[in-house]
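Note sheet for the following structure.
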Amino acid sequence: MRTSKIRPALTAAALALTTLTGVASTAWAAPEPGRYAAAVYCDAKGGLAAGTLTRADIMARGKAWVSANVSYSQEACHGDAAGRQYRTDCSGFVAMAWGLSSSPDTASFYGSSSRWSDIGWSDLQPGDAAVRRNATKGHIVLFVSWTSSAHTAINTYEEYDTGIGTIAKTRTLSSMKEAGFKPIRYTGIKQDSAPPVRYVQLTSMDDLDGDGGRELLTVHTGDAGGRLWRYPYRVAAAGFGTRLDLGTNWDTMTELANLGRTASNPYPDLVAVERATGQLWLYPGRSQGFGTRRLIGNGGWSAMSNLTSMGDLDGDGYPEMLAVDATGTLWQYHGSAAGFDTRTSLGTNWDSMNSLTNLGDLNGDGTTDLGAVETATGKLWLYPGRRMNGFGTRVLIGNGGWTNMREIEGAGDLDQDGHPDLLAIDPTGILWLYPGSGTGGFGTRRQIGGGWNS
Ligand SMILES: [Ca+2]
Ligand SMILES: [Ca+2]
Ligand SMILES: [Ca+2]
Ligand SMILES: [Ca+2]
């Protein structure tokens, strides 16, 4: 039911600006949705129980109203496919998409509830929402997707205004923040079954085959016997060349780490812990793969995690390595011709972090830096290296969401622009390159592979 009400001129002008320039206006057209909420009762027939709708289901429900361009009115109801009735304004639309038992207003969506929770902007996934509520004004939109990997604008579905109805729209993140939007998540979303983890132990290596490009090692758990693959990076092609099979049974090993070159070998060595015995083995680099392994650490290494080579920190020709023990102490192992000799404690509470990785000299001060994800927050931190003296005060380099990544690995200067880079596999199996900026952060990430979950 469309009304014949004429929109205020400001609203029409703001919409025209939005349409022509693609810049979302902050002059929000949607009037106060809560004012008349009590006046109209829309029977949602109990809604859909929590845990019923997947993100794909929520997007399909939202799209149904967009496709029908359901008219905007705070005093009318419209049904979902099963005839559950929701108020035809911005908050009624999101209530419908989420299958709620009623149509809350934006004040309710902005407030706390067991049915939804605040999330970070970088956590947004399809079917989440963003809500604003200032004094008596409010609006809420359904998040569809980011417009690009730069994450500067989002695509939405929203019940927009009188005469416009339910539409798909694009809004810049800056305008949303300025207008006071915050992202929220329905707590009743049914989790999609996670895609199988096929590639694990992402390990960036120095050049093995002498073509100048770095290598990426990974264990494939999906084919017979845990195959180790080497992916040669081709700088000119900005991607990986044909992978090479380096043998089976690598799923019996864990904590693979690139030791890098030592004074004893022109090719980079690999270390790994044998799950069954807790022994630490060194695999000497050869021109295409690795030679016969050598035992360098008797049992007990299965209690260690986050083995991370930091390169040769004291200049004696042998790389140092970090590892976290079961109590959360971070140890630095001093490299030697035999493997490692002494170790030094670099501090406690490292069991609150995960995905430790050698970032190279990411901040450009001449020393190798460490990256780590804070498990509780999903934030990525840079620990500026102080050679043999541990690390300086940590610096935040990635807001939340990094715990969602399946694998994170400092990649050295993969694209050879002079700055070290980072690789990560996201939950959908996309391999991302985060190019180091040279000043302690990353430029816009680039997708350099897909299917890393198959
Ligand atoms: Ca190479
Ligand atoms: Ca050393
Ligand atoms: Ca540094
Ligand atoms: Ca680079």
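The values are calculated or read from the model by the stated rules, or taken from the named source; none is laboratory data. Note that the structure is a prediction, hence the values are computed from the model and not measured. Virtual Cβ from ideal backbone geometry, glycine too; neighbours counted across all protein chains shown.
If you check THR367 against the conditions, is it β-branched (Val, Ile, Thr) and either touching a residue at least 60 places away in the same chain (Cβ under 8 Å) or away from ligand 3 (no atom under 16 Å from the Cβ) (or both)? Steps first, answer last, please.
On the way: β-branched (Val, Ile, Thr): yes; either touching a residue at least 60 places away in the same chain (Cβ under 8 Å) or away from ligand 3 (no atom under 16 Å from the Cβ) (or both): no.
So THR367 does not fit the description; no.
With respect to THR170, determine if the residue is part of a strand (DSSP E or B), surrounded by fewer than 16 Cβ atoms within 10 Å (Cβ to Cβ) and modelled with pLDDT of 95 or more. Lay out the reasoning, then the answer.
Values: part of a strand (DSSP E or B): yes; surrounded by fewer than 16 Cβ atoms within 10 Å (Cβ to Cβ): yes; modelled with pLDDT of 95 or more: yes.
Spelling it out, THR170 is indeed part of a strand (DSSP E or B), surrounded by fewer than 16 Cβ atoms within 10 Å (Cβ to Cβ) and modelled with pLDDT of 95 or more.
Quickly run through the range 94-126 and pick out the residues that are crowded, with 21+ Cβ neighbours inside 10 Å, in a loop (DSSP other than H, G, I, E, B) and over 26 Å from the mean Cα position of the chain (by Cα).
GLY99, LEU100, SER103, PRO104, ASP105
Is at least one residue of the range 389-411 among the hydrophobic types (A, V, I, L, M, F, W, C), farther than 30 Å from ASP314 by Cβ, within 20 Å of the chain's Cα centre (by Cα) and away from ligand 4 (no atom under 15 Å from the Cβ)?
Initial filter on the range 389-411 (among the hydrophobic types (A, V, I, L, M, F, W, C)): 391, 395-397, 402, 405, 408, 411.
Then keep just the ones that are farther than 30 Å from ASP314 by Cβ; that gives 402, 405.
From what's left, within 20 Å of the chain's Cα centre (by Cα): 402, 405.
In the following step, the residues that additionally are away from ligand 4 (no atom under 15 Å from the Cβ) were identified as 402, 405.
Yes.
Consider SER309 against the criteria (1) within 26 Å of the chain's Cα centre (by Cα); (2) farther than 20 Å from GLY385 by Cα: it satisfies all of them except one. Which criterion is unmet?
Against the list (1) within 26 Å of the chain's Cα centre (by Cα); (2) farther than 20 Å from GLY385 by Cα, SER309 comes up short only on (2).
Inside the range 420-431, can you point out the residues that are buried (at least 19 other Cβ atoms within 10 Å of the Cβ) and not β-branched (Val, Ile, Thr)?
Going residue by residue through the range 420-431, those that are buried (at least 19 other Cβ atoms within 10 Å of the Cβ) are 420-425, 431.
Listed by number, the residues that qualify are PRO420, ASP421, LEU422, LEU423, ALA424, LEU431.
Restricting to the range 307-333, what's the tally of residues that are touching an Asp or Glu at 6+ places or on another chain (Cβ under 8 Å), closer than 18 Å to LEU282 by Cβ and of a type outside the set (A, V, I, L, M, F, W, C)?
8
Would you mind finding the one in SER437, SER454 that is of a type in the set (S, T, N, Q) and either modelled with pLDDT of 90 or more or within 16 Å of ligand 3 (Cβ to nearest atom) (or both)?
Working: SER454 fails: either modelled with pLDDT of 90 or more or within 16 Å of ligand 3 (Cβ to nearest atom) (or both).
Exactly one residue qualifies, and that residue is SER437.
Give the range 431-451 a look and list any residue that's closer than 19 Å to LEU380 by Cα and part of a loop (DSSP other than H, G, I, E, B), or say none.
PRO435, SER437, GLY438, THR439, GLY440, GLY441, GLY443, THR444, ARG445
Would you confirm whether or not the range 384-400 contains a residue that is among the small types (Gly, Ala, Ser), at positive phi and in contact (Cβ under 8 Å) with a residue 60 or more places away in the chain? Give the derivation first.
Taking the range 384-400 first, the residues among the small types (Gly, Ala, Ser) are 385, 390, 392, 398, 400.
Among the residues that remain, those that are also at positive phi are: 390.
Those left that are additionally in contact (Cβ under 8 Å) with a residue 60 or more places away in the chain: none.
No, the range 384-400 has no match at all.
Out of (1) farther than 25 Å from ALA276 by Cα; (2) away from ligand 2 (no atom under 16 Å from the Cβ); (3) among the aromatic types (Phe, Trp, Tyr), the odd one out for TYR318 is which?
Of everything listed in (1) farther than 25 Å from ALA276 by Cα; (2) away from ligand 2 (no atom under 16 Å from the Cβ); (3) among the aromatic types (Phe, Trp, Tyr), TYR318 misses just condition (2).
If you take the residues of the range 207-227 that are crowded, with 20+ Cβ neighbours inside 10 Å and among the hydrophobic types (A, V, I, L, M, F, W, C), which of them is farthest from the chain's Cα centre (by Cα)?
Here the answer is LEU208.
Specify which of the listed residues (THR375, THR403, THR368, THR357) is closer than 23 Å to VAL200 by Cα, in contact with a strand residue (DSSP E or B) (Cβ under 9 Å, 6 or more places away or on another chain) and buried (at least 18 other Cβ atoms within 10 Å of the Cβ). Steps first, please.
Details: THR375 fails: buried (at least 18 other Cβ atoms within 10 Å of the Cβ); THR403 fails: buried (at least 18 other Cβ atoms within 10 Å of the Cβ); THR368 fails: closer than 23 Å to VAL200 by Cα.
Unique residue meeting the criteria: THR357.
Test of understanding: among THR329, THR292, THR342, which residue is surrounded by fewer than 18 Cβ atoms within 10 Å (Cβ to Cβ), in contact with a helix residue (DSSP H, G or I) (Cβ under 9 Å, 6 or more places away or on another chain) and among the polar types (S, T, N, Q)? Give the steps one after another, and end with the answer.
Numbers: THR292 fails: in contact with a helix residue (DSSP H, G or I) (Cβ under 9 Å, 6 or more places away or on another chain); THR342 fails: in contact with a helix residue (DSSP H, G or I) (Cβ under 9 Å, 6 or more places away or on another chain).
Going through THR329, THR292, THR342 in turn, just one is surrounded by fewer than 18 Cβ atoms within 10 Å (Cβ to Cβ), in contact with a helix residue (DSSP H, G or I) (Cβ under 9 Å, 6 or more places away or on another chain) and among the polar types (S, T, N, Q): THR329.
Please give the strands (runs of 3 or more DSSP E) falling wholly within the range 179-251 in which 1 or more residues are out of contact with any Phe, Trp or Tyr (no Cβ under 6 Å at 6 or more places or on another chain) and of a type in the set (Gly, Ala, Ser).
Working: elements: 182-186, 199-205, 215-220, 227-234.
The strands (runs of 3 or more DSSP E) meeting that bar are 199-205.
For the range 300-313, enumerate the residues that are away from ligand 3 (no atom under 16 Å from the Cβ) and either surrounded by fewer than 17 Cβ atoms within 10 Å (Cβ to Cβ) or of a type in the set (D, E, K, R) (or both).
If the condition is that a residue be away from ligand 3 (no atom under 16 Å from the Cβ) and either surrounded by fewer than 17 Cβ atoms within 10 Å (Cβ to Cβ) or of a type in the set (D, E, K, R) (or both), then GLY300, ALA303 are the ones that fit.
In the range 40-48, is there at least one residue being part of a loop (DSSP other than H, G, I, E, B) and modelled with pLDDT under 90? Spell out how you get there, then give the answer.
Restricting attention to the range 40-48, the residues satisfying the condition of being part of a loop (DSSP other than H, G, I, E, B) are 40-48.
Adding the requirement that they be modelled with pLDDT under 90 leaves 40-41.
Yes, the range 40-48 has at least one match.
Rundown of residues vs (1) touching a residue at least 60 places away in the same chain (Cβ under 8 Å); (2) closer than 19 Å to LEU216 by Cα; (3) within 16 Å of ligand 2 (Cβ to nearest atom); (4) not polar (S, T, N, Q), yes/no style:
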| position | (1), (2), (3), (4) |
| --- | --- |
| THR342 | no, no, yes, no |
| GLU374 | no, no, no, yes |
| GLU407 | yes, yes, no, yes |
| PRO420 | yes, yes, no, yes |
